[in-house]
Each structure stands twice: as structure tokens, then as C-alpha cells.
1. Which residues, taken from segment A:10-31, are within 17 Å of A:T121 (Cβ to Cβ), in contact (Cβ under 8 Å) with a residue 12 or more places away in the chain and out of contact with any strand residue (DSSP E or B) (no Cβ under 7 Å at 6 or more places or on another chain)?
2. Counting just the residues of segment B:83-98 that are more than 8 Å from every other protein chain (Cβ to nearest Cβ) and modelled with pLDDT of 85 or more, which one comes out nearest to the chain's Cα centre (by Cα)?
3. Go through B:G135, B:G118 for me and flag whichever is more than 12 Å from chain A (Cβ to nearest Cβ), modelled with pLDDT of 90 or more, within 30 Å of B:F264 (Cα to Cα) and in a loop (DSSP other than H, G, I, E, B).
4. Can you confirm whether B:I19 is β-branched (V, I, T) and either farther than 25 Å from A:A50 by Cα or within 18 Å of the chain's Cα centre (by Cα) (or both)?
5. Would you tally the residues in segment B:76-88 being surrounded by 15 or more Cβ atoms within 10 Å (Cβ to Cβ) and over 15 Å from B:S57 (Cβ atoms)?
6. Restricting to segment A:32-41, name every residue that is touching a strand residue (DSSP E or B) at 6+ places or on another chain (Cβ under 8 Å) and either of a type outside the set (A, V, I, L, M, F, W, C) or part of a helix (DSSP H, G or I) (or both).
7. Report every pair of residues separated by at least 6 positions or lying on different chains whose Cβ atoms are under 6 Å apart, first residue within segment A:64-89 and farther than 15 Å from A:V10 by Cα, second surrounded by fewer than 18 Cβ atoms within 10 Å (Cβ to Cβ).
8. Going residue by residue through segment A:84-94, is there one that turns out to be within 10 Å of another protein chain (Cβ to nearest Cβ) and surrounded by 15 or more Cβ atoms within 10 Å (Cβ to Cβ)?
Amino acid sequence: MTEKRIRVLVAKPGLDGHDRGAKVIARALRDAGMEVIYSGLRQTPEQIAAAAVQEDVDVVAMSLLSGAHNHLFPKVVQLLKEKGMDDVLVVGGGVIPDSDIPFLKEKGVSEIFTPGTPTSTVIEFIKNNVKKAVL
Amino acid sequence: MEIVDKARQGDRRAIARLISLSENEEPGAGEALKMMYPYTGNAHIVGITGPPGSGKSTLTDKLVKELRKRQKTVGILAVDPTSPFTGGAILGDRVRMSDLNLDPGVYIRSMGTRGRLGGLAKATHFAVKILDACGFDYIFIETVGVGQSEVDIVKTADTTIVVTVPGLGDDIQAIKAGILEIGDIFVVNKADRDGANRVVIELEMMLELNPNKPEWDFPIIMTVAPQNKGVMETVDSIIKHYNYLNESGELLRRRRERMRTEIFDLVTQQLTMHLTQKLAREGRFEKELDRVLNKINDPYTLVKSILEETLR
């Protein structure tokens, strides 16, 4: 009866107020059997990291359309590490130029999903790459 | 256990890990809970329930901020439903509480009900114990209240707040939902809307008709949570109710009942698990199932024989 679930924090860092994409992802992950915690809009990296710790999530999925990804995504990764959550899978999505992706990956974001990515790709990636011992 | 010591010193990551361990019934969870049990019993456990959209999360956010002003620490368990079809869940209560994220005196945990009937997360009992042992002054359990789950929450909380809003329907709704029997404090939220006074009057009438009216005088409080209206009054009522529970001996009685339910629940769960695993292991069950489906046997005889065999 042990029911281990992948827990995902879907977070919106920064100042853009567009969360349609984040909500679509949240719903897709829910339908894939995951427990999705939605942070709400305009979160600071500190708030996101604190929520990730308190919720003991396996995945932090950030969505950002403001262009501040090169600053905010690495900041969240760094804060998670400082809090001892180095086993958390961090992924990002939104309007992110291809040329920024290598930098983000180097900073510890495992994958970036740009517009048009099927939700099934995101689900598969998460299921295959969750670092904690889930199932 | 190191993790237990860390959690009791307030380490957020350790607390979060312990809740996950018990939620997933992982090895070590039982041992940790045993170690923590002696330190429980000091927190005031407050349940908040009411229909979806009645403003429970926003109200919780405001109540907790008021308690923080009074130097109290608070753990919050926000329970949302798990889909019975996929096992997934969207836990969205943090959205209304996001500026509590960074408060060192607050810990928020979202939980899915994970298929347990009654709306209360399977591991809520465990999580309450963990937060209690970690020294939080208050533990808030917030749950979507539809029918049975409202009755379940009362078994876990010392004080239950029932949140309602104007416009849900007539007073018959309040009688049929069984809401009145479980609430200690009634909050009419969104009281700036039309019909709030009527809801208050209806609640008053219903409560007066309650035949087993104890010495506790049920407060009915009008709130407008985003404007902080009625929030201080609600916090005062929560404290007053705890004092009443203490002085009347009702607290001990409630905790006894709660422990009784908890133990029965655990026994039932473990028996069910034991039985399901045993049946699966023996591999005989599918054949028995075929026999029932082909009308060679009936389900009731099969159940009886399974029970007799197991409990012998």
C-alpha cells in the first residue's frame, strides 16, 4: 500500500504574469499521476527554494517568459544546493532562446522545454530523470 | 536517529523528509514516529474546513499572520484531493500563502489525499505528530470539506473552524451536510457579499436547535479575509476555545477519542495491507475471482472464507 508519488513544484519565478503554460504543465503532470504543488505567480528564488524544501519535492519545474531566466534559474539551483537539496531535478520552460540553453544546463538546470514541446516529452523526461529514489 | 534530532531543532529539510517518509510508509518512518511520540501533545490543532472556493487558504494565511504577531509558531497542513483516476493531484493552497514561505516560524506542507476516503490525507495523523513534536505552537489542517471529510477532520483537530460563504443555498444545505455537528467556530467569509447576514441568522437558528448544546457558546464570525476583517476575532475565538477545552476536560476526552480512531485506522490499514499482500502472494485469488464471476461461488462466501483463513 506504499504509494510513493513524484512530487513536483511548478513555480513561476520573476515578474511576468503569464501562467497559462505553467498551468497546462501542472495539469499534464497531475494526469501523469504526480503530485503537483503550484507556487503561484511572481515568486522570488528564495520563496521557490523554501517551498521546495518544505514540500520535499523531487522536481522543481520553473516557467518564465520575462527573459530573466539566465539570472533566476541558476539562482534557484544555487539556493537549492545551499539548502542541501542537491538531489532535486530542476527543469525550466518558457520563451528561452536556444543560445541560452547550454549556459542554463551548465548551471544545473537539467532540461529546458521551449514552446511547442509536447507535454508527453516533459512527463517522460521527469520520469526518466528523477534523481531521488522514486519507486 | 539524527533526522529526528535535526527536525526537533527546527531543521525544515529534516521535518519535510520525515513527513515524506511517513507519507510513503518508507523504512525508518515507524521508528522515527515512535521516537517523536513522547514529545507530542503540546500543539493546539486547528482544523479549517468548508466548501471549495470559500476562502479557506486566504483565511488561513491571515489567521497565521495574526498568530505570528503574537509570537506563535505555526505548522500548516494543506490537504487537497488526489484524482481517483490517475493518482495525481494539484496542490494549490500555497498560492494564497506565498509570503509565509520565508517566515522562519511557519512550515507549510501540501498533501494529497492519496485515495483515502474521507478527504483527509492518509498521513495527516503522522504529519500532525511530527509537527507537534517539533514544537510548533499551532498546527492548522486545511481541507476541502465536502460531506464525510468534514467529519473526519474533527477527529484530528482540537478546534474545528467551519467556513461558509453567502450564496451557497438555503438553510437546508447546512442541515444536510452535517456541518453543524462538527464546527466549534463558524466563519461566514466573504461577508461583504449580499446575503451574509442571512447566513449568520440561519446558522444561529440551526445552532440553537442543536439539542446537545454544551457549555461552549459557538461563535459565528463574519470575515472578509483579504481585508483582514474578523481575523483578530477569529484568532481570539480559537484561543478561547482551547481554554474552554482545557478547563472543561473536553480536551482530554477529544484526544482520547482521536487516539482511539487513529489506532483503529492503523490496525485496519495494516490488516488490509497484510491481507492484500497475502492474497497476491498466494496467487490463488485470481482463480477464486474467476469462480465468483462465473457464478460458481458468490462474493460473500469467498469473503467469509478469506477472513476465516486469515484470522484463525
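The values are calculated or read from the model by the stated rules, or taken from the named source; none is laboratory data. If you're wondering where the values come from, they're calculated on a predicted model, not measured in any experiment. When we count neighbours, we look across all protein chains shown, and the Cβ atoms used for this are built from the backbone with ideal geometry, even at glycine.
1. A:V24, A:A28
2. Among them, the one singled out is B:D93.
3. That would be B:G135, the only listed residue that is more than 12 Å from chain A (Cβ to nearest Cβ), modelled with pLDDT of 90 or more, within 30 Å of B:F264 (Cα to Cα) and in a loop (DSSP other than H, G, I, E, B).
4. So B:I19 fits the description; yes.
5. Going through segment B:76-88 one residue at a time, the tally reaches 4.
6. A:E35, A:Y38, A:S39
7. A:S66/A:L15; A:S66/A:D16; A:N70/A:D100; A:P74/A:K107; A:G84/B:R13; A:D87/A:K131; A:D87/A:K132
8. The answer is yes, given that some residue of segment A:84-94 is within 10 Å of another protein chain (Cβ to nearest Cβ) and surrounded by 15 or more Cβ atoms within 10 Å (Cβ to Cβ).
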